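> Okay, here's the structure, questions in a sec.
Here, each number is a calculation from the coordinates, and none is a lab measurement. What you see is a predicted model, and the numbers here were worked out from it, not measured in a lab. A quick note on method: Cβ atoms are made from the backbone with ideal geometry, for glycine too, and the neighbour counts reach across all protein chains shown.
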Amino acid sequence: KFDEASLPKVNGIEGFDVFTTRADTIYGVTYCAVAPEHAVVDALIEGGHLESQTVERIEAMRKMPARDRAQAEKEGVALNVSVTHPLTGKSFPVWVANFVLTDYGSGAVMAVPAHDTRDFEFATKYELPIVHVIVPEKGEPNEAECFAEDGVLRDSDKYSGMKNRKALKSIIYDFEQQGLGKKVINFKLRDWGVSRQRYWGAPIPFIHCDDCGIVPEKKENLPVALPEDVEITGEGNPLDHHPTWKHCSCPKCGKDAVRETDTLDTFIQSSWYFLRYAAAPQIQQSLPFEKKDIDYWMGVDHYIGGIEHAILHLLYARFFTKMLRDLGYISVDEPFENLLTQGMVLKDGAKMSKSKGNTVDPDALIAKYGADTARLFILFAAPPSQELEWNDAGVEGAYRFIKRFYDRSANAVAGQMPKIDHDALTKTEKAARKKVYEALKRAYEVYDERHTFNTLIAGAMEALNALNEQDNKDVWTEGYYIMLSILEPIIPHICWELSDKLFERKNLRPIEILEEVFVESSQVLAVTVNGKRRAEIEVDMGASKEAILETAKAEVASWVEGKEMVKEILVPGKLVNLVVK
């Protein structure tokens, strides 16, 4: 509310709504700031209550774009009117401030300089009072600084001593009960620039007519196609300089007119392009998509993109999806179910980019090594969520693995998944089989949950090494039946060819994990003498303690002969420790 002395200046306006995001600091208000376009400012100007210099400064603020004002130095003008605090009855001044925007909140804010950095900068510049009403739970605040953290209220009437987050809820509740204010949810979205003066981008389907003004293109003439003979000189808008493209007839009156030469920014297309993937080929020339196809295919289960996508593209895509939903074109509410934010690719210690000249030509890489090598290296070099340092030697290593993997497929027998008697296998054959199924188990975890493809590839490499240590054709065949399946998403060309050749691609499906391969028939134990590791022994899983100790003592006989055995300690599954003197 305005003070009584201020009422004549504002032509009968009794007060105005004030916006705050921090009701817990309301006892720390020392001034009120309004936007240059606020109705109170208009009333004071119209009533002749402001000096000409003050009006000029306000008009200068009004002419500055909102984005520029937000980044500019804090600037204000005192209005020589005061308002009354609704709880304390104290008066405080009203200022015009360039950081207050008319379209955010109510266009007026209660300023609490002790607990808001923006308000603090303004108050410091114009030497306005600063009152701390939130203090740390322990210690005292620095009165010369802004304290924007959580703490405990002081000098806040009945709320003093309360933690500020709890007090915030209580103050809002009391305001609503007394009819002094209410809790609201405010949304803030910066303006979009949708047009660009360049060739690439969708043409804006409007026509400028001297008689009819701006006229939309006829529906039957859509979409407007870009000219293919455009000349890009780097100076000005290529479409504006094209000799014929922009010249047309007005759809309304038929007179000579000119097309809009600005094009829509590419985010317009990228905000809905994913819906085109769900469009059946037979309708793609006549419609962007059909609702039944979108309802079947959408939403996207998993979205992978860079951090810049998470900030803007995903937000825009959600807006377009909800707009199309509200218009009845689709039923899906959210376009993407999950997001994996991928890391940047680095080369020579810097982000790979054309401007830095540190890019790798994918065509040359694929021509020399094949696409599978590029895919394998990228996925093996680092988890997708982390940065990847490009390494030419790593590419060579990926190529060598694929070649070895392809060549050793000759050890597998074409046909079905073999039936294997695990108990009849040798120790080496069992170890190889176990490595293969460990890779399979890891693959399910990676594809379903963790997406750490590098660990999956490492498991496949270990499995191939283990297979190479034995000669059992059935174990080789089973190994390739499984590894070709789990590596197919990573090196699809090689795996598809071998899967087709060996198994008629019947292996490219979920494969059951056989727990029998993980059952150990023996165990390896370390043997220490007086705490120093001297040997290892391998014993049956069911061996008795006595048998294990006898085997251990026999293995380290040279270390214990002629000495008194003090203790014989068996740590199950780990070690045998013999203490002698």
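> Quick one: Kirkwood hydrodynamic radius for segment 302-418, alpha-carbon pairs, angstrom, one decimal?
Averaging 1/r across every pair of different Cα atoms and inverting gives 17.7 Å.
> May I ask you to list the GluC sites (Glu not before Pro) in segment 25-105 that are in a DSSP loop and have at most 15 other Cβ atoms within 10 Å of their Cβ?
In loop regions of segment 25-105 (DSSP not H, G, I, E or B), the sparsely surrounded GluC sites (Glu not before Pro) are Glu51, Glu73.
> By how many degrees, between 0 and 90 and to the nearest 10, does the Cα long axis of helix 52-63 differ from the longest principal axis of the chain?
Taking Cα atoms only, the helix is inclined about 30 degrees.
> Quick check: from the Cα gyration tensor, does segment 35-135 come out rounded (a/c under 1.5), prolate or oblate? Numbers along the way, then the final one.
Working: a/c = 1.80, a/b = 1.28, b/c = 1.41.
Oblate shape, in that a/c is at least 1.5 and b/c is the bigger or equal ratio.
> Do you know the relative contact order of the chain, to the nearest whole percent, from alpha carbon pairs under 8 angstrom that are 6+ apart? Before the final figure, lay out the partial values.
Details: 855 pairs, mean separation 39.7, N = 581.
Rounded, it is 7 percent for the chain.
> Rounded, prolate or oblate for segment 1-72? Axes are the square roots of the Cα gyration tensor eigenvalues, ordered a ≥ b ≥ c, and the cut-off for rounded is a/c under 1.5.
Oblate, since a/c reaches 1.5 and b/c is not below a/b.
> Defining a contact as two alpha carbons under 8 Å apart and six or more residues distant in sequence, what relative contact order in percent does segment 198-333 show?
Working: 167 pairs, mean separation 30.5, N = 136.
22 percent.
> Go from 0 up to the bin containing the longest alpha carbon distance in segment 33-89, width 5 Å each, and give me the % of pairs per bin.
Result, from short to long distances: 4, 16, 27, 22, 14, 11, 5, 1 percent.
> May I ask you to work out the translational diffusion coefficient for segment 466-508 at 20 °C, viscosity 1.002 mPa s, via Stokes-Einstein with Rh from the Kirkwood sum over Cα pairs, reported in whole µm²/s?
The calculation lands on 205 µm²/s.
> Additional query: Taking all pairs of different Cα atoms in segment 79-189, averaging 1/r and flipping that mean, what Kirkwood radius in angstroms comes out?
15.7
> How large is Rg/Rh for segment 525-581, to two decimals, with Cα atoms and a Kirkwood Rh? Provide the component values of the computation, followed by the final result.
Working: Rg = 10.3 Å, Rh = 11.1 Å.
That ratio equals 0.93.
> Right, next: Counting only the backbone N, which residues of segment 9-43 are under 17 Å from the spot 7 Å out from the Cα of Ile185 toward its beta-carbon?
21, by backbone N distance to the label point.
> Where nothing but the Cβ of Lys and Arg (+1) and of Asp and Glu (-1) is charged, how large is the charge dipole of the chain around its Cα centre, in debye to the nearest 20?
Numbers: 70 positive and 90 negative charges, 176 e Å.
The dipole of the chain has a size of about 840 debye.
> If the cut-off is 24 Å between C-alpha atoms, which lysines fall inside it for Lys581, apart from same-chain ones fewer than 8 positions away?
Within reach: Lys532, Lys545, Lys553, Lys563, Lys567.
> For Asp448, what is the net charge nearby, where nearby means another residue's Cβ is under 13 Å from its Cβ and Lys, Arg count +1, Asp, Glu -1?
Surrounding charge for Asp448 is 0.
> Now a separate question. Please list 550-561, 169-180, 85-96 highest first by mean number of surrounding beta-carbon atoms within 10 Å per residue. Write down the numbers at each step before the final one.
Values: 550-561: 15.5, 169-180: 13.4, 85-96: 17.2.
Packing order, densest peptide first, comes out as 85-96, 550-561, 169-180.
> Taking square-rooted eigenvalues a ≥ b ≥ c of the alpha carbon gyration tensor, is the chain rounded, prolate or oblate, where a/c under 1.5 means rounded and, failing that, a/b exceeding b/c means prolate?
Here the chain falls in the oblate category.
> Taking the Cα-to-Cβ direction at Ile283 and at Glu140 and moving 7 Å from each Cα, how far apart do the two end points lie in nm?
7.3
> Once the Cβ-Cβ distance between Thr266 and Asp3 is put in as r, and R0 is 35 Å, what FRET efficiency do you end up with, to the nearest 0.05? Write down the numbers at each step before the final one.
On the way: r = 54 Å, r/R0 = 1.54.
It comes to 0.05.
> Based on Cα coordinates alone, diagonalise the gyration tensor for segment 182-298, multiply each eigenvalue by 5, take square roots, and list the semi-axes in whole Å, largest first.
29, 22, 17
> Okay, moving on. Based on alpha-carbon centroids, what's the gap between segment 18-41 and segment 222-253 in Å, whole number please?
50
> By how many degrees, 0 to 90 and rounded to 10, does the Cα axis of helix 473-487 deviate from the longest principal axis of the chain?
0
> I need to check one value: relative contact order of segment 501-545, counting alpha carbon pairs closer than 8 Å and at least 6 residues apart, in percent.
Computed value for segment 501-545: 29 percent relative contact order.
> While we're here: Compute the distance from the alpha-carbon center of segment 527-542 to that of segment 404-432, in whole Å.
Using only Cα atoms to place each centre, the spacing works out to 32 Å.
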